[in-house]
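Please read the structure below before turning to the comments.
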Amino acid sequence: MDTVDVVVIGAGLAGLSAARDLLKEGVDVVVLEARDRVGGRTFTVTEADGVVVEHGGQWVGPTQDRALALIEEFGLGTFTQFSDGANLQYSQGKHLEYHGAIPTGDPLQAADLVDAMVELTTKAMEIDPECPWEHPLAVLLDSMTVETWISSQPYCESAKDWIRTLCRALFPAEPGEISLLHALFYFRSGGGVEKMIGTINSAQESRITQGAQMLSKKLAEIVGDRLILEAPVIRIDHDSHGATIHHDKGTISAKRVIVAIPLVLAGRIRYSPPMSGVRDQLTQRSFMGSVLKVHVVYEKPFWRNKGLSGHVTSDCGMVQITFDQCHPDRPEGVIVGFMDSHLGRVATQMTFEERRDVVIEDLVRLLGEEARNPKAYYEKAWIDEEFSRGAYVGMMTPGTWSTLGPHLREPVGVIHWAGTETAKIWNGYMDGAIRSGEDAAQSVLSSLAAEGVLK
């Protein structure tokens, strides 16, 4: 049986970032990845027709310093998310044009949405992302869902519906599924609601020219032959001296383990001795978002000729959020759309042909008849992914942060935790994943140094 200093479980951005930092310090590391690829919830595919399809995470923006630093270090290019022209809001059967992050086509709705964004961001900035459970009203906020908050507000119904659509798009989950405390923590980690939903000077500002998965591929090159693919972990035996990790390709022992996968999946590994009841309760009460991401390809980006940005929000249909997904090196027009939350769950129960037809009908309603005849259609159902079970991120149900939150990042003996779900800054984003891996590596280095294993 092989023996190393540290085993990292998961070769997404979190696990690979952790491994890289450990290797810099001379630590002997092995990375185990269940899939046949690296990248986790980033997955870039160049199709046979040359279309670049970003099935997973794709955007970077200001203050996402760790992701931007890796892009620069690896010599990767970026391009600005297309946002010229008007955004569209489809509301109560009408097409309303607007510019910026918040719809302004309906003055009453716009005023209410501005008030809502200010209130949510103000409340979010009161949350300490290191310890949301220490907020003076944590128990109260955690007992409420986002839907409870929306329903209690004096806003017009169209504003409330748009906030619900926003919730489904950001997390993605139904407003009635998420703790309000969790939502506020999430907004705090990203610097406020408007920064998270906008394009210009916001989270959706830029894309990586070579595809988002290239970050993980470059990190994997550094890890080299210490990376083992198609090796899902089955069991971890652990004590105060180290751990033995059993995976599909064998067994390996280590002084420390970093589990860099979503909480939902971490809870499915067998531990001997078992995790404490409170740690297991935490993984039980974390759930993954539901999303099916689609790319619809046209000969040309016809919406641009209409003076439209391609960014649409809708209060009906299966696809309620779209963006222009064109690549500057390619001639075709591409719209990316999302079937989020419960709509994503419904969509996975349809046939491929049924989903494609529904998506195209939605785009015809939103963008016009030119959308009826695409040249290609691609999709990714993340809730069907065995080693993700959803996207974009894991979330906390009501009552979880305030009672079990302290166990999220706390090591269990020699086992440490990483993954974007544990990030304090840009939780749920690629940047958060990178930060979480770096944090876990530092935690492991400190513990090894304390035992005299490292100088």
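The values are calculated or read from the model by the stated rules, or taken from the named source; none is laboratory data. Note that this is a predicted model, so its numbers are computed, not measured. Because the Cβ atoms are built from the backbone with ideal geometry, glycine has one as well, and the counts that use them run over all protein chains shown.
Would you be able to say whether some residue in region 2-22 is among the basic types (Lys, Arg) and within 28 Å of Asn305 (Cβ to Cβ)?
No, region 2-22 contains no residue that is among the basic types (Lys, Arg) and within 28 Å of Asn305 (Cβ to Cβ).
In this structure, does Ile200 turn out to be more than 22 Å from His407 (Cα to Cα), out of contact with any helix residue (DSSP H, G or I) (no Cβ under 7 Å at 6 or more places or on another chain) and of a type outside the set (D, E, K, R)? Criteria met by Ile200. So which residues in region 99-111 are touching a helix residue (DSSP H, G or I) at 6+ places or on another chain (Cβ under 8 Å) and not in a helix (DSSP H, G or I)? Hits for region 99-111 are Ala101, Ile102, Pro103, Thr104, Asp106.
Which residues, taken from region 151-174, are under 16 Å from Pro103 (Cβ atoms) and of a type in the set (A, V, I, L, M, F, W, C)?
Selection gives Cys156, Ala159, Trp162, Ile163, Leu166, Cys167, Ala169, Leu170.
Identification of helices (runs of 4 or more DSSP H) wholly contained in region 149-266 with 1 or more residues that are of a type in the set (D, E, K, R) yields 157-170, 180-189, 193-197, 213-223.
Only one of Ile228, Ile222, Ile178 is in contact with a strand residue (DSSP E or B) (Cβ under 8 Å, 6 or more places away or on another chain) and surrounded by fewer than 21 Cβ atoms within 10 Å (Cβ to Cβ); which?
Ile228
In summary, Asp84 fulfils each of the numbered conditions (1) surrounded by 15 or more Cβ atoms within 10 Å (Cβ to Cβ); (2) of a type in the set (D, E, K, R); (3) part of a loop (DSSP other than H, G, I, E, B) with the single exception of condition (1). Of the residues making up region 358-376, those that are buried (at least 17 other Cβ atoms within 10 Å of the Cβ) and of a type in the set (Asp, Glu) are Asp362, Glu370.
Report whether or not Ile163 is modelled with pLDDT of 95 or more, among the β-branched types (Val, Ile, Thr) and under 20 Å from Ser286 (Cα atoms). It is false that Ile163 is modelled with pLDDT of 95 or more, among the β-branched types (Val, Ile, Thr) and under 20 Å from Ser286 (Cα atoms). From the list Ile234, Ile228, the lone residue that is assigned by TED's automatic domain parsing to the domain that holds Ala11, more than 24 Å from Gly394 (Cα to Cα), of a type outside the set (D, E, K, R) and within 26 Å of the chain's Cα centre (by Cα) is Ile228.
Rundown of residues vs (1) basic (Lys, Arg); (2) touching a strand residue (DSSP E or B) at 6+ places or on another chain (Cβ under 6 Å); (3) over 24 Å from Val29 (Cα atoms), yes/no style:
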site	(1), (2), (3)
Gly211	no, yes, yes
Pro262	no, yes, no
Asn305	no, no, yes
Ser314	no, yes, yes
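Per-residue answers, yes or no, for (1) in a helix (DSSP H, G or I); (2) in contact with a helix residue (DSSP H, G or I) (Cβ under 9 Å, 6 or more places away or on another chain); (3) of a type in the set (Val, Ile, Thr); (4) not assigned by TED's automatic domain parsing to the domain that holds Val51:
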site	(1), (2), (3), (4)
His295	no, no, no, no
His311	no, no, no, no
Cys316	no, yes, no, no
Thr322	no, yes, yes, no
Pro328	no, no, no, no
Gly337	no, yes, no, no
Leu343	yes, yes, no, no
Ala347	yes, yes, no, no
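Would you pick out the residues in region 315-350 that are polar (S, T, N, Q), buried (at least 20 other Cβ atoms within 10 Å of the Cβ) and more than 25 Å from Ser206 (Cβ to Cβ)? Selection gives Ser341 alone. At least 1 residues being under 30 Å from Ala449 (Cα atoms) and of a type in the set (A, V, I, L, M, F, W, C) is the threshold, and among the strands (runs of 3 or more DSSP E) wholly inside region 25-76 those reaching it are 29-32. Entry remark, region 53-105: residues being at pLDDT below 95 and within 30 Å of Ser436 (Cα to Cα) number 1 in total. Out of curiosity, is Ser443 under 28 Å from Ser202 (Cβ atoms), in a helix (DSSP H, G or I) and polar (S, T, N, Q)? No; evaluated as a whole, the condition is false for this residue.
Taking (1) among the small types (Gly, Ala, Ser); (2) in contact with a Pro (Cβ under 8 Å, 6 or more places away or on another chain); (3) closer than 19 Å to Glu47 by Cβ in turn, Gly337 satisfies each apart from (2).
Scoring Ala11 on the criteria (1) of a type in the set (A, V, I, L, M, F, W, C); (2) modelled with pLDDT of 95 or more; (3) surrounded by fewer than 22 Cβ atoms within 10 Å (Cβ to Cβ) leaves a single failure, condition (3). For region 258-288, the set of residues classified as under 19 Å from Arg35 (Cβ atoms) and either of a type in the set (Ser, Thr, Tyr) or buried (at least 22 other Cβ atoms within 10 Å of the Cβ) (or both) consists of Ile258, Val259, Ala260, Ile261, Pro262, Leu263, Leu265, Ala266, Met288, listed by residue number.
The residue pairs whose first member lies in region 275-303 and is free of Cβ contacts under 8 Å to residues at least 40 places away in the same chain and hydroxyl-bearing (Ser, Thr, Tyr), whose second member is in a loop (DSSP other than H, G, I, E, B) and surrounded by fewer than 24 Cβ atoms within 10 Å (Cβ to Cβ), and whose beta carbons are closer than 9 Å, counting only pairs six or more residues apart or on different chains, are Thr283/Gly267; Thr283/Arg268; Thr283/Met275. Being touching a Gly at 6+ places or on another chain (Cβ under 9 Å), crowded, with 22+ Cβ neighbours inside 10 Å and without any contact (Cβ under 8 Å) to a residue 40 or more places away in the chain is a property that Gly419 lacks.
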